[in-house]
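Notes follow the structure.
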Amino acid sequence: MKPWKERDTALLLVEHTTRFCYAEPVVEAHSEIRKTPIDSPLQRVVTHKLEVDPAAALRQYTDYFGSRVHYFNLLEPHSELAIRAEAVVETKDRIADGPEQSDDARPWRERLAEYLHWSPLVPALEEYESIPHRVDLSLQPDDFLEALRELGARFQKRFRYDPGATDVHSSPKVLFEAGGGVCQDLAHAMIGVLRLAGVPCGYMSGYVYDPQGDDEGDKLKGSRASHAWVQVWHPQLGWVGIDPTNDKLVDWQYVRIAAGRDYSDVQPLRGIFVGSRQQELEVDVAVRRIG
């Protein structure tokens, strides 16, 4: 594994705007937002800003999985809602965050139980058995990383990136049936494969910077939207990210936002409102390197 030095860092600027336009005025809305990066051994949040229009008082808390959550209430009628998030994050040129530094003396199977069992969007499926791999916690670090790379390559070869094949509520079973999907689908399916093998793993949402992206198209899929990948635990490495959509171990190009068992734990925006269900949604994401 490549040695890491303190100077091996990058500064990434992330801008994420979500805009709702309602067919009729909404008279009240209650929402949670997960768009603020987390501090971790692999990244440091330099600045962050979150704005809501119409203006609303933002409160925040840290959820069970360590994600930063903001929430607000809008009680006045409004026909549009815009949420703008901006952050500068220093990322490190590493792919593993290192062994846990914790006073929790419980065996790892107890400490990481949530990442070993089936979850709302990763149910038990026979299809997981159709993906052969050799990822095993008994492997030494370098061999474990190589096994993850092999699994990522197998996913990219088997499944096509196809935004029209699934929707946000699709089970991994739809991915296996359709042969394609988006980053959320591939992440859920890989989590299922690894949990079946008894390897602790979870879902991570965030962003990916594409150094080669241009107006003609992106080299890395998902670089112009919220992205998702899989976090896998190893006793000596700690947590390692694998991006099955791009067949790539997660490195300095990624900004981590929220972690959980699956997408249901990390939705960027969720809530309820009173008003017409008819609405239009616009999302704009830009990730740039500034240092």
- What about Asp247, is it open to solvent by less than 10 Å² (accessible area, probe 1.4 Å), among the acidic types (Asp, Glu) and either at pLDDT 95 or above or over 26 Å from Leu58 (Cα atoms) (or both)? no
- Of the residues Ser171, Ser119, Ser130, which single one is touching a Phe, Trp or Tyr at 6+ places or on another chain (Cβ under 8 Å), among the small types (Gly, Ala, Ser) and more than 30 Å from Ala10 (Cβ to Cβ)? Ser130
- Message: Give all pairs with beta carbons closer than 9 Å in which a residue from region 251-269 that is open to solvent by less than 30 Å² (accessible area, probe 1.4 Å) and at pLDDT 95 or above meets a residue that is β-branched (Val, Ile, Thr) and in a helix (DSSP H, G or I); count only pairs at least 6 apart in sequence or on separate chains.
- Response: Asp262/Ile191
- Message: Can you report the number of residues in region 25-44 which are within 22 Å of Glu90 (Cα to Cα), assigned to a strand (DSSP E or B), open to solvent by 20 Å² or more (accessible area, probe 1.4 Å) and not basic (Lys, Arg)?
- Response: 1
- Message: Given the criteria in a loop (DSSP other than H, G, I, E, B), in contact (Cβ under 8 Å) with a residue 24 or more places away in the chain and among the acidic types (Asp, Glu), does Asp136 qualify?
- Response: yes
- Task: Test Ala85 against the stated conditions and say whether it is closer than 27 Å to Pro25 by Cβ and open to solvent by less than 40 Å² (accessible area, probe 1.4 Å).
- Result: yes
- Message: Against the condition in a strand (DSSP E or B) and not aromatic (Phe, Trp, Tyr), how does Ala286 come out, does it pass?
- Response: yes
- Could you say whether any residue in region 2-24 is in contact with a Pro (Cβ under 8 Å, 6 or more places away or on another chain), touching a residue at least 40 places away in the same chain (Cβ under 8 Å) and either open to solvent by 30 Å² or more (accessible area, probe 1.4 Å) or within 30 Å of Gln140 (Cβ to Cβ) (or both)? no
- Message: Quick test of your reading of the structure: Asp214 fulfils all but one of (1) charged (D, E, K, R); (2) more than 30 Å from Ala23 (Cα to Cα); (3) modelled with pLDDT of 95 or more. Name the failing condition by number.
- Response: (3)
- Message: Tell me whether region 224-238 contains one or more residues that are more than 29 Å from Thr36 (Cβ to Cβ) and surrounded by fewer than 23 Cβ atoms within 10 Å (Cβ to Cβ).
- Response: yes
- Note on the structure: Subset of region 57-72, residues open to solvent by less than 60 Å² (accessible area, probe 1.4 Å) and in contact with a Ser or Thr (Cβ under 8 Å, 6 or more places away or on another chain), comes to Arg68, Val69, His70, Phe72
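Rundown of residues vs (1) modelled with pLDDT of 95 or more; (2) in contact with a strand residue (DSSP E or B) (Cβ under 8 Å, 6 or more places away or on another chain); (3) within 15 Å of Arg195 (Cα to Cα); (4) not aliphatic (A, V, I, L, M), yes/no style:
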residue: Leu75; (1), (2), (3), (4): no, yes, no, no
residue: Ile83; (1), (2), (3), (4): yes, yes, no, no
residue: Ala87; (1), (2), (3), (4): yes, yes, no, no
residue: Asp103; (1), (2), (3), (4): no, no, no, yes
residue: Arg106; (1), (2), (3), (4): no, no, no, yes
residue: Pro123; (1), (2), (3), (4): yes, no, yes, yes
residue: His133; (1), (2), (3), (4): yes, no, yes, yes
residue: Leu148; (1), (2), (3), (4): yes, yes, yes, no
residue: Arg158; (1), (2), (3), (4): yes, no, no, yes
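The values are calculated or read from the model by the stated rules, or taken from the named source; none is laboratory data. Everything numeric here is computed off the predicted structure, so don't read it as measured data. Neighbour counts run over all protein chains shown; Cβ positions are idealised from the backbone, glycine included. Protein only, heavy atoms only, side chains kept; ligands, DNA and RNA dropped before computing areas. Shrake-Rupley method; radii C 1.70, N 1.55, O 1.52, S 1.80 Å.
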